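Student: Have a look at this one before I ask anything.
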Amino acid sequence: METEKLFYQDAYLCETTAKVVECRKGKRGYEIVLDRTCFYPEGGGQPGDHGTLNGIPVVDTREKDGLVLHDTKEPIEVGTEVKAVIDWDRRFDLTQQHSGEHMVSGVVHRIYGYDNVGFHMGADMVTIDFSGELTEQQLRDVEQEVNERIWLDSPVKCWYPSPEELGEIPYRSKKELTGKVRIVEFPGADICACCGTHVAHTGEIGLVKILSVEKFHSGVRVEMLSGRRALQYLTAVQDQNRQISQLLSAKVLETAKAVKNLSTELENKRQQVTAMENAQFAALAQQYRDKGNVCIKVDGLTADGVRRAAIAVQETCGGRAAIFSGNEESGYKYAVGDPQGDLRVWVKEFNGALHGRGGGKPGFVQGSAAAKWDEIVAFMSK
């Protein structure tokens, strides 16, 4: 016996009546088998449907040996007639993602000859792994062609060709197929063997948005979204960009330019601050010339500023130069230099005594300490 799969007869069937033919205990609760179902089971990269059986939640759907297993937390007695209702919003979202993936994979295969060697349809993101490398510009071109074909609203064809017909069809497949093969065709974009659910017309996908591409094994991994998810993503990006435009007093389509200008301005300010600090550190070095071992607290320095101050002072003091910056609430950053010494044992003792973290080279160490200033001074006076 096999479950009658109504979703292959009508992918838009949201509910039906069916009879329970088996109810067995499973790892996830109970596995309900119906004589027929509109629930699509996990397969072809597409997650299984969720929904209800007589109001009892179905948390997943799988297929095993021709039987569709509906996972529930409650048992349903064999022979019971149930009303099976799928979560249509979720199903249609997955259908949009799956259909969009087909069109992208098909266009990439036609233009560049690369295979889809991995496909994951997550709750938030869809990823495709291709067997060859693609640039961002190439994927923009793919995205443009895919969307142009989506907007043609062409009918999508699903059918089971005879073995003779199958041999004449140039369909995509990672392996040679035998037996009953289901072919799905998106006109001008893809012909592929697939068991999933698909839109009836390409226009129902709405749009496809390719979000990123990164090197993956010998090819690339592409992140993409289709339909409602793509619209939600673009809406979120628009909201973020509008907030940025308001903060920068820039036009919405000129935020990148405004950020670049701000970055240049900040870099100029940073260079000015660095120059002022360098002058301060030079004066500090002169102040402590030939003083031997010194311990100095300088307010308001970054970790890099502490490092540069220590380097400047160690050149003139003739001993160990220790620079600290911070306060007792947040702790102190430190940098200690001694060109003639080895500070590795010393820094371990310092960190152990003053709740510090850090290390470095024999002649130079840096880090932070959660201690009071008088405790630091007492340790440095040893």
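Just so you know, all these numbers are worked out from the coordinates, no wet-lab data involved. Since the model is a prediction, treat every value here as computed from it, not as a measurement. All Cβ positions, glycine included, derive from the backbone under ideal geometry; neighbour counts span all protein chains shown.
Student: Considering only DSSP states other than H, G, I, E and B, which GluC sites (Glu not before Pro) in segment 256-357 qualify as loop sites with at most 15 other Cβ atoms within 10 Å?
Tutor: Values: sites: Glu265, Glu267, Glu277, Glu315, Glu328, Glu329, Glu349; in loops: Glu315, Glu328, Glu329.
Passing both the DSSP loop test and the Cβ count: Glu315, Glu328, Glu329.
Student: What do you get for trypsin sites (Lys or Arg not before Pro) in segment 7-74 restricted to DSSP loop and a cutoff of at most 15 other Cβ within 10 Å of the site's Cβ?
Tutor: Lys27, Arg28, Lys73
Student: Taking 7 Å along the Cα-to-C-beta vector as the label spot, tell me the Gln138-Lys251 distance in nanometres, rounded to one decimal.
Tutor: With each label point 7 Å from Cα toward Cβ, the separation is 3.5 nm.
Student: Read phi for every residue in segment 258-275 and hand back ³J(HN,Hα) as whole Hz from Karplus 6.51 cos²θ - 1.76 cosθ + 1.60, θ = phi - 60°, with x for Gly and Pro.
Tutor: Along segment 258-275, the couplings run 5, 5, 4, 4, 5, 4, 5, 5, 5, 5, 4, 5, 5, 5, 5, 5, 4, 5 Hz.
Student: Next question. Over the Cα atoms, compute the radius of gyration (one decimal) and Dmax (the largest Cα-Cα distance, rounded to a whole number) for segment 162-215, in Å.
Tutor: 14.0, 40
Student: Also, I was wondering about something else. For Glu4, list long-range residues whose amide hydrogen, built 1.01 Å from N in the peptide plane, is under 5 Å from its own amide hydrogen.
Tutor: Placed amide hydrogens put Arg36, Thr37 under 5 Å from Glu4.
Student: Between the helical axis of 136-150 and the dominant principal axis of the chain, each derived from Cα atoms, what acute angle in degrees is found, rounded to the nearest 10?
Tutor: The helix 136-150 is inclined about 30 degrees to the chain.
Student: What pairs in Lys269/Lys361; Lys27/Lys209; Lys27/Lys83; Lys25/Lys83; Lys269/Lys382; Lys209/Lys260 have C-alpha atoms more than 29 Å from each other?
Tutor: Correct reply: Lys269/Lys361; Lys27/Lys209; Lys269/Lys382.
Student: What residues have an amide H closer than 5 Å to that of Ser212, excluding those fewer than 5 places away on the same chain, when H is modeled at 1.01 Å from N in the peptide plane?
Tutor: Glu223
Student: Right, next: Go through [x] 17; [y] 51; [z] 11 and flag the label whose value is the computed percent of Cα pairs over 38 Å apart for this structure.
Tutor: The listed entry that was calculated here is [y].
Student: Can you give the log10 of the normalised intensity I(q)/I(0) at q = 0.16, 0.20 Å⁻¹, computed with Debye over equal Cα scatterers of segment 235-382?
Tutor: -0.81, -1.12
Student: Follow-up question, since we're still on this one. Rounded to the nearest 500, what is the 222 nm mean residue ellipticity of the chain from helices alone, with -39500 (n - 2.57) per DSSP H run of 4+ residues and division by all residues? Show your work: numbers first, answer last.
Tutor: On the way: 8 runs with 129 residues, N = 382.
So the calculated ellipticity at 222 nm is -11000 deg cm²/dmol.
Student: Helix 88-112 versus the longest principal axis of the chain: what is the Cα-based angle in degrees, 0 to 90, to the nearest 10?
Tutor: Around 80 degrees separate the two axes.
Student: Mind putting a number on the dipole of the chain about its Cα centre? Charges go on the C-beta only, +1 for Lys and Arg and -1 for Asp and Glu, and I need it in Debye to the nearest 20.
Tutor: Charge dipole of the chain: 1740 debye, to the nearest 20.
Student: Which value in Å is the Kirkwood Rh of segment 4-86 over different Cα pairs?
Tutor: 12.3 Å
Student: What list of ³J(HN,Hα) couplings, whole Hz, do you get for segment 347-358 from phi and the Karplus terms 6.51, -1.76, 1.60, once you set θ to phi - 60° and write x for glycine and proline?
Tutor: So the J values, rounded to whole Hz, are 5, 5, 5, 4, 5, x, 7, 10, 6, x, 9, x.
Student: Test of understanding: what is the full-extension gain from Asp304 to Asp239, defined as 0.36 nm times their sequence separation minus their Cα-Cα distance?
Tutor: Extra length available between Asp304 and Asp239 comes to 19.8 nm.
Student: Something else about it: Using the Kirkwood radius built from alpha carbon pairs, what does the Stokes-Einstein equation give as D for segment 96-190 at 37 °C and 0.692 mPa s, in µm² per second?
Tutor: Estimated diffusion coefficient is 227 µm²/s.
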